Amino acid sequence: AAKPFYEGKTITIVVGFGPGGGYDAYARLVARHLGKYIPGNPSVIVQNRPGAGSMTAANFIYNKAKPDGLTIGTFIRDMGISGLRDAPGVEFDWDKFGWIGSANSEVYVIEIRTETGVKTVEDLVNRAEPTIMSVTAKTTGTYLFMRALQETLGAKFKFVVGYPDSAAQALAMERKEVEGMGGSYSSLVTMRPHWLEQEPPFVVIPVQSGEVRNPALPDVPTIVELVTGEDAKTLARLVGAANEVGRPYVAPPGIPADRLKILRDAFAQAMVDPDLLAEAKKGKRPIRLLTGEQTQEMAGNLLQASPETIARFQMLSE
């Protein structure tokens, strides 16, 4: 019998950021468990290739890595949005990667200090004065989410731009320099769980991104639920689409179909491995499997927006 292709070989996971960050931590978690579900039980190692917000890694996987199934990559989930926004340096077609799967599906949320009295998006619309929100930069997904709330629902915000990171934003919230901030829900519950656990909670969450409510937020409406009109819904979906991809893993375009299937199947099995889940829980890394087929569909959907909607989306960061 022929030996499995992967026997005696090594798979390299290229990470678009340096050691110590979230994408690196997820990749090393995947690397410790992926090989045992691949026929031939190859070794799996992690290689950090930071640069340009992980665009360096995305371009490398797309253009330089051999499509033999031995090199896969993970990069920031907003990378498809970079292509839509004509960001400089993009050298890939988002939907032509070999989509292996995602380790988690993220959602953006708006976090508003409870003492403001804001509970719903309607409150954000009807407040006499705009709600003061912290922002790191106008290119971030959370900023685009809040701008979409303005454009589609009429939420009133005043943005304070230039915070270096979410930790500085959180400090500004606690010092009452601002009234709210945006971010991913997983970051909120892992980095600042006390904001929700104290009584009364320090913040309320009036809205989340995406089309389907996150299971952890069953009572919080999504932006797509709230907006009316197909154009507005398309814009709302576009803003949340990249975040839903979460923690994606891809192979270079042109990978043989049988090897892509092996990697997809192994990834799906690894994501429900009890040892991996125990490690993830200990490290406070949420796991929510998206299969290769699901991430491929999401990637394709991102590119289906009309030129008019894309133009409107591009204007959000201006």
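The values are calculated or read from the model by the stated rules, or taken from the named source; none is laboratory data. Not measured: the values here are computed from a predicted model. So basically every Cβ, Gly included, is an ideal-geometry build from the backbone, and we count neighbours across all protein chains shown. Surface accessibility is based on the protein's heavy atoms, side chains included, excluding ligands, DNA and RNA. Shrake-Rupley method; radii C 1.70, N 1.55, O 1.52, S 1.80 Å.
When Val135 is tested against (1) open to solvent by 10 Å² or more (accessible area, probe 1.4 Å); (2) within 25 Å of the chain's Cα centre (by Cα); (3) farther than 16 Å from Val203 by Cβ, only condition (1) is not met.
Comparison of Val207, Val245 shows that the only residue that is open to solvent by less than 10 Å² (accessible area, probe 1.4 Å) and farther than 20 Å from Asp95 by Cβ is Val207. Figure legend. Inter-residue proximity from the range 270-286: first residues more than 19 Å from Ile100 (Cα to Cα), second residues assigned to a helix (DSSP H, G or I) and at pLDDT below 90, beta-carbon distance below 6 Å, spacing 6+ or different chains. Indicated pairs: Lys284/Thr190. Filter the range 12-54 down to the residues that are in contact with a strand residue (DSSP E or B) (Cβ under 7 Å, 6 or more places away or on another chain) and more than 25 Å from Lys281 (Cα to Cα) and list them by number. Across the range 12-54, the qualifying residues are Pro42, Arg49.
For the range 19-32, taking the residues that are assigned to a loop (DSSP other than H, G, I, E, B) and of a type in the set (Gly, Ala, Ser), the one that is surrounded by the fewest Cβ atoms within 10 Å (Cβ to Cβ) is identified as Gly20.
Please enumerate the residues belonging to the range 222-238 that are of a type in the set (Val, Ile, Thr), open to solvent by 10 Å² or more (accessible area, probe 1.4 Å) and in a helix (DSSP H, G or I). Correct list: Thr234 only. Just one of the listed residues (Gly16, Gly35, Gly51, Gly8) is open to solvent by less than 30 Å² (accessible area, probe 1.4 Å) and either farther than 27 Å from Trp94 by Cα or in contact with a helix residue (DSSP H, G or I) (Cβ under 6 Å, 6 or more places away or on another chain) (or both), namely Gly16.
Here Asn126 meets the list (1) buried (at least 23 other Cβ atoms within 10 Å of the Cβ); (2) over 15 Å from the mean Cα position of the chain (by Cα); (3) not hydrophobic (A, V, I, L, M, F, W, C) almost entirely, failing just condition (1). Taking the range 166-183 as the range and being open to solvent by less than 70 Å² (accessible area, probe 1.4 Å) and either touching a helix residue (DSSP H, G or I) at 6+ places or on another chain (Cβ under 7 Å) or assigned to a loop (DSSP other than H, G, I, E, B) (or both) as the test, the residues that pass are Ser166, Val178, Glu179, Met181, Gly182, Gly183.
Residue count for the range 248-296 satisfying the condition of being assigned to a helix (DSSP H, G or I), farther than 18 Å from Ala31 by Cβ and touching a Lys or Arg at 6+ places or on another chain (Cβ under 9 Å): 1.
Of Val160, Val118, Val207, all but one fail to be among the hydrophobic types (A, V, I, L, M, F, W, C), within 23 Å of Met298 (Cβ to Cβ) and modelled with pLDDT of 95 or more; the exception is Val207. Name the residues in the range 114-162 that are free of Cβ contacts under 8 Å to residues at least 12 places away in the same chain and over 21 Å from Thr309 (Cβ atoms), would you? Selection gives Glu115, Gly117, Glu122, Asn126, Ala128. Among the residues of the range 90-137, the ones that are closer than 22 Å to Lys176 by Cα and assigned to a loop (DSSP other than H, G, I, E, B) come to 10 in all.
Here the condition is being more than 15 Å from Val207 (Cβ to Cβ) and modelled with pLDDT of 95 or more; of Asp68, Asp78, Asp86, it holds for Asp68 alone. Among residues of the range 210-239 that are farther than 22 Å from Pro286 by Cβ, those with a Cβ under 6 angstrom from a residue that is modelled with pLDDT under 85 and among the small types (Gly, Ala, Ser), sequence gap 6+ or separate chain, pair up as Thr234/Ala305; Leu238/Ala305.
Output yes when any residue across the range 178-189 is polar (S, T, N, Q) and either touching a Gly at 6+ places or on another chain (Cβ under 6 Å) or without any contact (Cβ under 8 Å) to a residue 60 or more places away in the chain (or both), and no when none is. Checked the range 178-189: at least one residue is polar (S, T, N, Q) and either touching a Gly at 6+ places or on another chain (Cβ under 6 Å) or without any contact (Cβ under 8 Å) to a residue 60 or more places away in the chain (or both).
Being open to solvent by less than 10 Å² (accessible area, probe 1.4 Å), over 23 Å from Ala232 (Cα atoms), hydrophobic (A, V, I, L, M, F, W, C) and touching a residue at least 60 places away in the same chain (Cβ under 8 Å) is a property that holds for Ala103.
Please identify the pairs in which a residue from the range 246-261 that is of a type in the set (D, E, K, R) and modelled with pLDDT of 95 or more has its Cβ atom under 8 Å from the Cβ atom of a residue that is in a strand (DSSP E or B) and surrounded by 18 or more Cβ atoms within 10 Å (Cβ to Cβ), counting only partners at least 6 apart or on another chain. Filtered contacts from the range 246-261: Arg259/Ala251.
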